[in-house]
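Enquirer: Below you'll find the structure I mean.
Any read-out appearing in this document is the output of simple, stated calculations on the displayed coordinates, not a laboratory observation. All of these numbers come straight from a predicted model, not from anything done at the bench. No Cβ is skipped: glycine too gets one built from the backbone with ideal geometry, and neighbour counts run over all protein chains shown.
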Amino acid sequence: MKALLFFLALMWSAAGQVSAQSSDRLAELPTPANNRMLHLRAIILTRDMSRTLQLNASQYERLRVINQARLARQDEILWLYQDDPEQQRARLSELDLYYEQQCRRILTPAQLDQFIQVQQPAEPETDPHENGLG
């Protein structure tokens, strides 16, 4: 009986330490207090997209929700992988692919073409007769 009580006490203390460590790690993450700022960033991004792509009200609302989720996940990735740039780039690339898939579901083909053009910066034009130096 004493062994059982000792074992339970040991497990309880170990669980408390793990819980404390876990809460310390979570304390380092961005807080929900940033939700207002995140919401504003999503509105600004969606408003800019609306001007460029001529979104209707339904598209605007659906994209605002997607943009807010994307920005939150992007902030999370930047925070969690700040010490591993390679992993950070890989996760952000995955997020961009997922975001584009979501946009494909909402935008018309013409809007999607325009969206892709805006997302991908144009290649700088060079004269083929120049060697590209200086």
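Enquirer: Where Lys and Arg each count +1 and Asp and Glu each count -1, what net charge lies around THR46 among other residues with Cβ under 12 Å from its Cβ?
Expert: Values: positive: ARG41, ARG47, ARG51, ARG62, ARG64, ARG70; negative: ASP48, GLU61.
Its environment carries a net charge of +4.
Enquirer: Calculate the spin-label point distance for ILE116 paired with ASP83, positioning each point 7 Å from the Cα along the beta-carbon direction, and give it in nanometres.
Expert: The two pseudo-label positions are separated by 4.0 nm.
Enquirer: Once you put a point 7 Å from the Cα of ASN34 and another 7 Å from the Cα of ARG104, both along the Cβ direction, what distance in nm separates them?
Expert: 3.0
Enquirer: Quick one: 3J(HN,Hα) in Hz for segment 89-104, Karplus 6.51/-1.76/1.60 with θ = phi - 60°, rounded, Gly and Pro as x.
Expert: For segment 89-104, the Karplus curve yields 4, 5, 5, 5, 5, 4, 5, 5, 5, 5, 4, 5, 4, 5, 5, 4 Hz.
Enquirer: Counting Lys and Arg as +1 and Asp and Glu as -1, each charge on the Cβ, what is the dipole of segment 31-112 about the Cα centre in debye, to the nearest 20?
Expert: Details: 12 positive and 10 negative charges, 100 e Å.
Here segment 31-112 has a charge dipole of around 480 debye.
Enquirer: Whole-Hz ³J(HN,Hα) for each residue in segment 41-47, computed from phi via Karplus 6.51 cos²θ - 1.76 cosθ + 1.60 with θ = phi - 60°, x for glycine and proline: what do you get?
Expert: Here the 3J(HN,Hα) series is 4, 5, 5, 4, 4, 5, 5 Hz.
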